[in-house]
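See below for the structure under consideration.
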Amino acid sequence: MATMTGRDFPERVYALCQPGGAPASLFAPGQVVTARTVERFYASEEDVARTAAALTEAGFEVLHTSRLLVNVAGPPELFEEVFGRRLHTEEREVVKPGSVRGTGTFIDSEGGAVPGLLETAGSALADVVAAVAIEEPYYPASVLPGPVPSADPPAADYWHLTLPDQLATALRADGPHRDGVTGAGVRVAMVDTGFQSHPFFTSRGYRVEPTVLGPGTADPEVDENGHGTGEAANVFAAAPDVTLLPVKAATASGALVNVTAAFTAAVALRPDVVTNSWGSDQPGLPLSAANQALAAAVAAAVADGVVVVFSAGNGSWGFPGQHPDVISAGGVYQGPGGELRASDYSSGFVSRVYPGRRVPDVSGLVGLLPAAMYLMLPVPPGCAIDRDLAGGTHPEGDETGPDDGWAAFSGTSAAAPQLAGVCALLAQAAPGTAPDRVREVLAATARDVTAGTNHPEFGEPAGPGPDLATGPGLVDAAAALAALGEGSGTGGTAVALVMLRSPSGEEPASFRAATSSEWVPAAGTVREVAAALRRVGFTVGPASGPTLSIAAPPAVFARVFATEPVRADDGGWTSGRGDSLPLDTLPEQLREVVRAVVLERPAELHTGP
């Protein structure tokens, strides 16, 4: 239900502009954007530059650009003047931290095909800006919103889990840690309220890069809310040797702002995994323009081989937690005796936006209603979460001090970084594993949960096998790593040479002839093939004439070519069908341009001339 409230605007409005010249409209009603379809919305570099220049000249501040969108900010009056559309504010129902239903202020314009869409037809920028999506509020998916804190959690006389040890054991990640699988060399980006140094992290030597400010945020060394700092501990409990890349997407009040641009900034850091403990309530169609833009950004990241994890929600129809390309994190509660049950704080549902999409994909550890005070997490002393949860008697309060730098909270906000940490373990063990394969392995090896129901908003019961209460159950790091290893044959990284067809389609008489300019495919074709191979899990080397080198664990080759490479006697790779791999299982668009894929005996990537 939406109520028009007039024109009570913030001083600064954030928006996402689709460049003119893009092949297809991103915001057409009913448009579904996934990793398989997102390329059709990419604009050329020239079109993006032209759009950014025109918006700058019109008076907007250009904050970030990508192949999909140009992120801008400006006063509301400027949007009205430039695009000739009158704006207004609306109060709409939202689910806020703590699973509390309330209202949030949204900005919209009259006549848009979908909520939050600012049409550009008839404006002076119509040729360079196809459409404008006005950003909207998003909320952390966890809890109700001094002195130097201790590196270790305070004692509390109620059942809860402490980090890192108890949580690592519950995720069954402690065994892999002893075997040397700790996430070393893996980069995990976290889009949240920021990160602030705390003795919990420094005393354990955790690797945290300087916080990157999302467009429109400030103070990179401060996390005023505390949510991002606390959730970071979940990542390190699962994967203690990852490198964390915090991206701040919150104002000083703790409100998330300009999240699509922040997410895109995180992807630009070239992480292996991006974890997101936030979202909005999206019970059905239509998607707003802002959510469609966010969906496209998520799809583009996954298409480029990045594993993206989102919380499923705490009583909300979590978005983008229901996007078909993400790993959607649900919740399981582990009691003092080790017994497992569905968390009644967590969402689980069949999406009404993406038909057939079941949420969650797999679950992490989450507390119970009323406030899920379950994981004792480090936070900046005196931050909003530290103050708001302090004192009282559990479960109404966490029984800690208001400025001690510790707070008990969880929600699917905690489950998402837990899953991200387990994904980092898989990334260390099998670099280049495709995002869909990672999700498949996590689901196939989860611990089945047969007791309890999820949030009362849905009331889905847990039972034997996959269900809507917990998905397939609680993530099991050790089992996932074992399954991934079993699917990798003899282990290691296989390498192959991809030879592309000539523009004419004719076959060269020799390899030397094939490398001459007349046989080299167009640069756009080479880029498209490289992007398609990356999407299914390959590392792709630079092009050399009509050839590309690809590398991946044998399991990736087996999934794509239906033939698994094995070690050759000379230390290189071959297969049961010889060195040349069959092409009949490749997608049709690849079969049309790929002439041959040959396993290489020297196990190294070409570096090009």
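The values are calculated or read from the model by the stated rules, or taken from the named source; none is laboratory data. All values derive from a computational prediction rather than experimental measurement. With ideal geometry, Cβ positions are generated from the backbone for all residues, glycine too; neighbour counts draw on all protein chains shown. Calculation scope for accessible area: heavy atoms of the full protein, side chains included, ligands and nucleic acids excluded. Shrake-Rupley method; radii C 1.70, N 1.55, O 1.52, S 1.80 Å.
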Task: Whole-Å distance, taken between Cα centres, linking segment 90-110 and segment 551-570 - done: 50
- [ ] Give me the percent of the accessible area of segment 315-372 that comes from carbon and sulfur atoms, probe 1.4 Å, all protein chains in place.
- [x] 52
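For segment 443-484, which whole percent of the accessible surface, found with a 1.4 angstrom probe, sits on carbon and sulfur atoms?
Details: 850 of 1460 Å².
With neighbouring chains kept in place, the figure for segment 443-484 is 58 percent.
Whole number in Å², please: accessible area per residue of the chain, 1.4 Å probe, ligands, DNA and RNA not counted. Show your work: numbers first, answer last.
Details: 22430 Å² over 609 residues.
Computed with neighbouring chains in place, this is 37 Å² per residue.
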- [ ] Evaluate the relative contact order of segment 245-367 (contact order divided by residue number), counting alpha-carbon pairs under 8 angstrom at least 6 apart; express in whole percent.
- [x] 21
- [ ] Please list THR574, THR493 in order of solvent-accessible area, largest first, computed with a 1.4 Å probe with all protein chains present.
- [x] THR493, THR574
- [ ] Kindly provide log₁₀ I(q)/I(0) values, in the same order as q = 0.07, 0.12 Å⁻¹, from the Debye equation applied to equal alpha-carbon scatterers of the chain.
- [x] -0.43, -1.20
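How much net charge surrounds THR275 when only other residues with a Cβ under 12 Å from its Cβ are counted (Lys, Arg +1; Asp, Glu -1)? It would help to have the intermediate numbers written out before the result.
Numbers: positive: ARG187; negative: ASP192, GLU231, ASP272.
Taking every Cβ under 12 Å from that of THR275, the sum is -2.
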Open item on the list: Less than 11 Å Cβ to Cβ from GLU231, Lys/Arg counted +1 and Asp/Glu -1: what total charge do the surrounding residues give?
Closed with: -2
Open item on the list: Taking 0.36 nm per residue of sequence separation and subtracting the Cα-Cα distance, how much length would be gained by fully extending the chain between ALA268 and SER150, in nm to one decimal?
Closed with: 39.0 nm
Task: Local electrostatic count, VAL132, Cβ distance below 12 Å [Lys/Arg +1, Asp/Glu -1] - done: -3
Task: Cα Rg over Rh - segment 445-489, Kirkwood - done: 1.15
Task: Calculated diffusion of segment 400-478, Stokes-Einstein form, Kirkwood radius summed over Cα pairs, 4 °C and 1.567 mPa s, µm²/s - done: 89
- [ ] Using DSSP, restrict attention to beta bridges with both residues in the chain and report what percent are antiparallel, rounded to the nearest 5.
- [x] 70
